[in-house]
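**Q** Would you mind keeping the following structure in view while I ask a few things?
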Amino acid sequence: MKGINMTSRLWIKLCKLVFIPTVLLIAFFISTLCPKILLAADKAEKEYILIGHPNPSTGPLSEMGEVSPWIDDQFVEKINAGGGIYIKEYGKKLPIKVKIVDTESNPTKAIRVATDLILQDKVDMMVVMHTPDTVNPVTAVCERYEIPCVSTQAPIDPWLSNGPYKWSFHSFWNIDSLADVYLEIWDINANQTNKVVGCLWPGDADGIAFSEVFNKKLPARGYKYVNYEGFSHGISDFSPAINLFKKENVEILTGVLIFPDWVNFWRQSIKLGFYPKIVTMAKAILFPSSVNTMVLEGFLPEGWTTEVWWNQDFPFKYSLIGHDTYDAKGLSENWSKDTGKQPTMVLGFVHAGFEIAIDALKRAQTLDKEKLRQAIEDTDLDTIIGHIKFNSENYCLTKLVGGQWLRGSSWPWELKVIYDPANLTTTKTQGMFFPMPKTVLPDLKSKAK
């Protein structure tokens, strides 16, 4: 029995010597090698880099979203012609794919679109533009799900109100800069007005932010403001605002309206006999299609003023996708050649959003979300809208000048620069047309495109 017990104990020891290391080896294999195999298998299924692009293709903001598909196609074609972007965890270049989804110009729909792009389509990063109604909800969703996001073309102020940000990076001007441009436009003929400004501030993110800034800036520069604010998009009756402005003897009109609201307001203004000497309107009159539509309505837009964030005469270039001399003029000409349409300032900002995104992907060489976020944060890039370098609050201020709609040479109506103190544009500043005319010339309708 004793011999048997000794043999049994010896057997048990031998088993331990063999079994325990084997178990440990298997455990090591499972914990280290298996995940790598599984990860490699997962990586093998990755066929492209997917960029999500929520866009107002329809609805009141559709004029802004019009250029997005064209820009998307430009980048996809040029980047993929070179094989794509090198991603080191796959050891090869991957082509890019952009999935553009219509937000219908609706903030609630923008939230749903962004969420679906992240959770269902599994986008690697997001690019978004076109006012706080699109940018703010999308960047908020990206913050929630920790998705790197590049945004442009929404005033900094309402964008910051949703911060602080870690995953989203933004480029545009702030309302303080815009207000300075507007005031300089008004100062050109200040001695011929009573300096009373009627302001149309809707109850959206833009309207609230604009009101806060203008309420401080105007009195400091000797202007009196008369606010009509808090109204919703799609309002049908502007007579209370118009009667208020007439009562207060308003001679300068400003605001931040969507185009359908501007059409309603201006139509009712003419009917009620309200003719301001100066009109300076954000958002609503940025596009030639809007101005041409007003002509078809029977109204003369000559002399309307607004901000200019970008045009073909801005001196900026980029060379991300093989165009060493590709500049603002070249981009504008290509757009017109391909579409037959007049270039707009949105063109530059949609393009710049993709410049920033592609540059970050090239430098990061990875689809790891945190490393890609860091690459965007480290952006130090010359783009078609100027140099982009983000500050500690994740934004970069861009420049703007003042413009006025006048009858043009290449197109029926052209937005001419009338205020450019830093000589940002490459063309001579146009003198200001003043005051606003009250009539429509009979031949204008036939000239509108």
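**Q** Please list, in chain and number order, the residues 5+ apart from I388 or on another chain whose amide H is under 5 Å from its amide H, with Hs placed from the backbone.
**A** L381, D382, T383
**Q** For the Cα atoms of the chain, what angle does the longest principal axis make with the long axis of helix 2-28, in degrees from 0 to 90, nearest 10?
**A** 20 degrees
**Q** Give me, ordered by chain and number, the residues 5 or more places off V279 or on other chains with an amide H under 5 Å from its own placed amide H.
**A** Counting only residues 5 or more places away or on other chains, the set is L253, T305.
**Q** How far is helix 107-119 tilted off the main Cα axis of the chain, in degrees rounded to 10, range 0 to 90?
**A** Roughly 20 degrees, rounded to the nearest 10.
**Q** From the backbone phi of the stretch 198-212, what are the Karplus-calculated ³J(HN,Hα) couplings (6.51 cos²θ - 1.76 cosθ + 1.60, θ = phi - 60°) in whole Hz, Gly and Pro given as x?
**A** So the Karplus estimates, Gly and Pro as x, are x, 10, 10, 10, x, x, 9, 4, 4, x, 5, 5, 4, 4, 4 Hz.
**Q** Here's another thing I want to ask about it. Hey, if you put +1 on the Cβ of every Lys and Arg and -1 on every Asp and Glu Cβ in the chain, which of S161, I175, P219 ends up farthest toward the positive end of that dipole?
**A** Projecting each Cα onto the dipole axis, the largest value belongs to S161.
**Q** Let me ask another. Using only Cα atoms, locate the centre of the stretch 66-112 and the centre of the stretch 355-431, then give the distance between them in Å, rounded to an integer.
**A** The stretch 66-112 and the stretch 355-431 have Cα centres spaced 19 Å from each other.
**Q** Modelling each spin label as a point 7 Å along the Cα-to-Cβ direction, I'd like the K369/D176 distance in nm, to one decimal.
**A** About 3.4 nm, to one decimal.
**Q** Let me ask another. If the limit is 24 Å between Cα atoms, which of K329/K399; K166/K389; K97/K389 go over it? Please list the in-between numbers first.
**A** Numbers: K329/K399 17 Å; K166/K389 15 Å; K97/K389 26 Å.
With Cα atoms farther than 24 Å apart: K97/K389.
**Q** Using amide H atoms built in the peptide plane, which far-off residues or other-chain residues are under 5 Å from V101 H to H?
**A** The list, which skips near neighbours in sequence, is H53, N55.
**Q** With both bridge residues required to lie in the chain, what share of the DSSP beta bridges run antiparallel, to the nearest 5%? Spell out each step's value before the answer.
**A** Working: 19 of 55 bridges.
The answer is about 35 percent antiparallel.
**Q** With charges set only on the Cβ (+1 for Lys and Arg, -1 for Asp and Glu), what does the dipole of the chain come to about its Cα centre, in debye to the nearest 20? If you can, show how the numbers build up before the last one.
**A** Numbers: 47 positive and 50 negative charges, 251 e Å.
Dipole size: approximately 1200 debye.
**Q** Pop out the ³J(HN,Hα) list for the stretch 368-382 in order, Karplus 6.51 cos²θ - 1.76 cosθ + 1.60 with θ = phi - 60°, rounded to Hz; leave Gly and Pro as x.
**A** Each residue of the stretch 368-382 in turn: 4, 4, 5, 5, 5, 4, 5, 5, 5, 4, 8, 4, 8, 9, 7 Hz.
**Q** Continuing with the same structure: Once you order the gyration tensor axes a ≥ b ≥ c over the Cα atoms, which shape class does the chain get: rounded for a/c under 1.5, otherwise prolate or oblate by comparing a/b with b/c? Intermediate values should be presented prior to the final figure.
**A** Working: a/c = 3.06, a/b = 2.40, b/c = 1.28.
Taking the square roots of the gyration eigenvalues as a ≥ b ≥ c, the chain is prolate.
**Q** Sticking with this structure for a sec: For helix 328-339, report the angle its Cα long axis makes with the longest principal axis of the Cα atoms of the chain; keep it between 0 and 90° and round to the nearest 10°.
**A** Once rounded, one gets 90 degrees.
**Q** Tell me, what ³J(HN,Hα) does each residue in the stretch 295-304 have, in order and in whole Hz, if you take phi through Karplus 6.51 cos²θ - 1.76 cosθ + 1.60 with θ = phi - 60° and put x for Gly and Pro?
**A** 5, 5, 6, x, 10, 9, x, 4, x, 4
Computed from the coordinates by the stated procedures, all read-outs in this text should not be read as laboratory data. Since this is a predicted model, take the numbers as computed values, not measurements. Don't worry about glycine lacking a Cβ; one is built from the backbone with ideal geometry, like all the others, and counts go over all protein chains shown.
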